[in-house]
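First the structure, in the form of structure tokens, and then the observations on it.
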Amino acid sequence: MSDTLFQLVADYGAWLLAVSCFLSCLLVPVPTSLLMLAGGAFVASGDLDMGNVIAAAWLGAVAGDQTGYHLGRCGAGMLDRIATRWPSRKPTIDKARALVAQRGSMGVFFSTWLVSPLGPYVNFVAGASGLGWRQFTLWDAAGEAIWVCGYVGLGYGFADQLSMVADVAANTSGLLAAGAVALGLGWMLRARWRKARAAAAS
């Protein structure tokens, strides 16, 4: 499969990255991270231009996030319908809702790169909850820049060890997501403990 993906990047270059980033932000199962790693590797070999690769991937990701945001704003019940049709996604949707409720625009920022599996759901939630468009766009664009530059940069820096980097990146993404959830739960428990302690003292 990896060889096929690499060949697609070689054939279609930055256009493929733009389309894959756009679709992945709308819950389409596309191996975008691997494609960006491949894009970085082709930049290292001189077959693609770094500026074009980063710009295409970033614009595609931001456009996908904007589409998700506006879909959420126009159809507030969409996430409930997704959770009903695919019950396995309900825990992820609940985490996305909690992230936006607790962190607002900063939750959008972290969902693009630190807890990227939540990203598409956070876009829908942000639109449905009425989070301001300017706030959403600013923090989303900043977060996507980190996500794109991180993966393309890894592909560029470790072009001769791309398979190993792809495995490490996938595992790291999972670890970061788990760590972020753990930190969030710890913060909530700490806040409740302090509130209870203050109430007892008064």
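Observations, loosely collected:
- Qualifying position, being more than 17 Å from Cys25 (Cα to Cα), in contact (Cβ under 8 Å) with a residue 12 or more places away in the chain and out of contact with any Leu (no Cβ under 9 Å at 6 or more places or on another chain), among Gln66, Gln102: Gln102
- Matching residues in region 1-34 - criterion: being farther than 15 Å from Ile54 by Cα and in a helix (DSSP H, G or I): Ser2, Asp3, Thr4, Leu5, Phe6, Gln7, Leu8, Ala10, Asp11, Leu23, Ser24
- Matching entry among Gly143, Gly127 (being crowded, with 17+ Cβ neighbours inside 10 Å, in contact with a helix residue (DSSP H, G or I) (Cβ under 7 Å, 6 or more places away or on another chain), in a helix (DSSP H, G or I) and in contact (Cβ under 8 Å) with a residue 40 or more places away in the chain): Gly127
- Which numbered condition Val115 misses (of (1) farther than 16 Å from Gly143 by Cβ; (2) at pLDDT below 90): (1)
- Checklist (1) surrounded by fewer than 22 Cβ atoms within 10 Å (Cβ to Cβ); (2) part of a helix (DSSP H, G or I) applied to Asp47, failing item: (2)
- One residue from Ala76, Ala159, Ala166 being at pLDDT below 90, buried (at least 18 other Cβ atoms within 10 Å of the Cβ) and out of contact with any Cys (no Cβ under 9 Å at 6 or more places or on another chain): Ala166
Condition check ((1) of a type outside the set (A, V, I, L, M); (2) part of a helix (DSSP H, G or I); (3) farther than 17 Å from Cys21 by Cα) across all residues:
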site	(1), (2), (3)
Gly51	yes, yes, no
Ile54	no, yes, no
Ala57	no, yes, no
Leu79	no, yes, yes
Ala98	no, yes, yes
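- Taking the numbered list (1) under 24 Å from Ser20 (Cβ atoms); (2) out of contact with any helix residue (DSSP H, G or I) (no Cβ under 8 Å at 6 or more places or on another chain) in turn, Pro87 passes all entries but (1).
- Which numbered condition Arg81 fails, given (1) modelled with pLDDT of 90 or more; (2) over 30 Å from Val9 (Cα atoms); (3) of a type outside the set (Phe, Trp, Tyr): (1)
The values are calculated or read from the model by the stated rules, or taken from the named source; none is laboratory data. It should be emphasised that the depicted structure is a prediction, and the values quoted were computed from it without experimental measurement. Positions of Cβ are generated from backbone atoms using ideal geometry, with glycine treated the same way; all protein chains shown enter the neighbour counts.
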